[in-house]
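Below is one structure; the comments refer to it alone.
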Amino acid sequence: MDPLFAKLNLKTSCRALADLLMPRLCIVCGRPLNLREEYICLGCDMDFPYTHFWESTHNAMADEFNARIVVPDGVRERYCYAAALFFYNSESGYSNIPRQLKYNFRIAQGKTFARRLGEVLAQADHFKDVDAVVPVPLHWTRRWKRGYNQAEVIAAEVADTLGAPLRTDILSKPRRRASQVASDARQRSSNISGAFKANVPEGIRHILIVDDTFTTGSTLAACYSALRECVSGQVRISVATLAFVKNN
């Protein structure tokens, strides 16, 4: 027997046995997965709510993000690129994708969907010149408690598929702010204002900030402001997330 097939058969047999003992469930609908499915069932994958934001430089996420950017008087800011992999709302099972990564240590699962994000961004000409992928940082106490930064998990996969360096040394969060989960848009902006610091080395021309979700855009806008204080308008700053929250 071909060693490759023997290896595949062994892997399949082990997975089948594991599924009998502890069935793997679809992250979206909770249905038991078959041997060929991983993390998401075929039905939920076929209905995957892709945003397709990466196909256009002007889209709903980019418009909302650009509206949040605070530009000093007399300064003309270039329109920022923005894209997310998929839509969700509070009632959607797809919300489990970022939630499980953020709160339940589902890192391998998160990497799978983060790679999808990187692959679609790589299809867009306006993201191909990114030369620094920067995750939204956590305050060290929150990272220590969680054990990892979910934005960094996503950013690492995006950086790999874009062929750009992952830079965790550019943005920092020296001050811890209140949790954003239960805050409205105005509270989010107030909570996050001034929370980030940036140190951008010379030679970078296109920074991509990466986070798990785009809810109001306040966190990404605060990161943008910190970066823009360090670099001229010649340096492009874009944003990308796994999910874009639909409010209707």
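A few points about this structure:
- Pairwise centroid distance, computed over Cα atoms, of the stretch 77-126 with the stretch 149-175, Å: 14 Å
- Scalar couplings 3J(HN,Hα) for the stretch 170-175, obtained by applying the Karplus form with A = 6.51, B = -1.76, C = 1.60 to θ = phi - 60°, are 8, 10, 9, 10, x, 10 Hz; x denotes Gly and Pro.
- Mean Cβ count within 10 Å, highest first, over the residues of peptides 194-205, 210-221, 59-70: 210-221, 59-70, 194-205
- Sequence of THR241, THR168, THR51 once ranked by neighbouring C-beta atoms within 10 Å, starting from the fewest: THR168, THR51, THR241
- Summing charges over neighbours of PHE53, with a neighbour being any other residue whose Cβ is under 12 Å away from its Cβ, gives -3 when K and R count +1 and D and E count -1.
- The stretch 48-245: C-alpha gyration tensor shape, a/c 1.5 cut-off, then a/b vs b/c: rounded
- From most to least packed by mean Cβ count within 10 Å, the peptides 134-142, 40-48 give 134-142, 40-48.
- Of LYS145/LYS246; LYS145/LYS173; LYS173/LYS246; LYS111/LYS197; LYS102/LYS128, pairs whose Cα-Cα distance is over 23 Å: LYS145/LYS246; LYS173/LYS246; LYS111/LYS197; LYS102/LYS128
- Ranking of LEU33, LEU85 by neighbouring Cβ atoms within 10 Å, starting from the fewest: LEU33, LEU85.
Values in this text are rule-based calculations from the coordinates and carry no lab data. Since the model is a prediction, treat every value here as computed from it, not as a measurement. Cβ coordinates were reconstructed from backbone atoms using ideal geometry, including for glycine residues, and neighbour counts include every protein chain displayed.
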